[in-house]
Amino acid sequence: MPAAQGRALKVTLESLGDFKKRVDAALAKFEDSPGSAQKVGTHRLSEASFSGAGGFGEAKGLHRQYERVHERLTVLSKNLGLQIEALQIAVNGARGDFSDLEEEQRRRFWAIQAHIRRQEEAQAQAKATEEAAKTTQSERRSDGQQVTPKKGDQYQ
């Protein structure tokens, strides 16, 4: 190996070491922050928090949206932590030829990737279902009757 390539490789390995330290620090900071999955998951509001003592009709819908957003934030927070963990494993493996990784680390890396892929697929399916429901709902009149517009007609 020419000397220039050897120096470049050494610099790259040192850069990976520095990068790994930054990733480790980011994960530790994230896990201790209010945005961690555990801390986000513990902050919940009841339906009564939205309606108060007197209550109002929109409170139920508002609470439903709050729950949906809260669940999504919890999932995103957990996935961010998992992505950082997977990045840690990848940086450790990149220091060598990935044969230095223990089998457990390899399994964990692929388990994280599979989990995140399933989450993304579930989210895409939920979004498609939600869009289909919106489309169906927008094709109904306020009295619940199905609207079948003719070409060029406006919904009524």
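Only the coordinates and a few stated rules stand behind these numbers; no lab work does. These numbers come from a predicted model, not from an experiment. Don't worry about glycine lacking a Cβ; one is built from the backbone with ideal geometry, like all the others, and counts go over all protein chains shown.
Given that compact globular proteins tend to follow 2.2 N^0.38 Å, what is the ratio of the alpha-carbon Rg of the stretch 36-94 to that value? The partial results should precede the final answer.
Numbers: Rg = 17.2 Å, N = 59, 2.2 N^0.38 = 10.4 Å.
Its radius of gyration relative to the 2.2 N^0.38 Å reference: 1.66.
Couplings 3J(HN,Hα) for the stretch 66-80, derived from phi with the Karplus relation 6.51 cos²θ - 1.76 cosθ + 1.60 (θ = phi - 60°), are 4, 4, 5, 5, 4, 4, 5, 4, 4, 5, 4, 5, 5, 5, 4 Hz, where x marks Gly and Pro. Could you pull out the chymotrypsin sites (Phe, Trp or Tyr not before Pro) across the stretch 23-66 that fall in loop regions by DSSP (anything but H, G, I, E, B) with no more than 13 other Cβ atoms inside 10 Å? Hits after loop and neighbour filter: Phe56.
Residue separation of Glu120 and Gln83 scaled by 0.36 nm, minus their Cα-Cα distance, works out to 12.0 nm of gained length.
Just list whichever of Lys39/Lys60; Lys39/Lys78; Lys78/Lys134 have alpha carbons separated by over 21 Å in the model shown.
Numbers: Lys39/Lys60 25 Å; Lys39/Lys78 10 Å; Lys78/Lys134 29 Å.
Pairs exceeding 21 Å: Lys39/Lys60; Lys78/Lys134.
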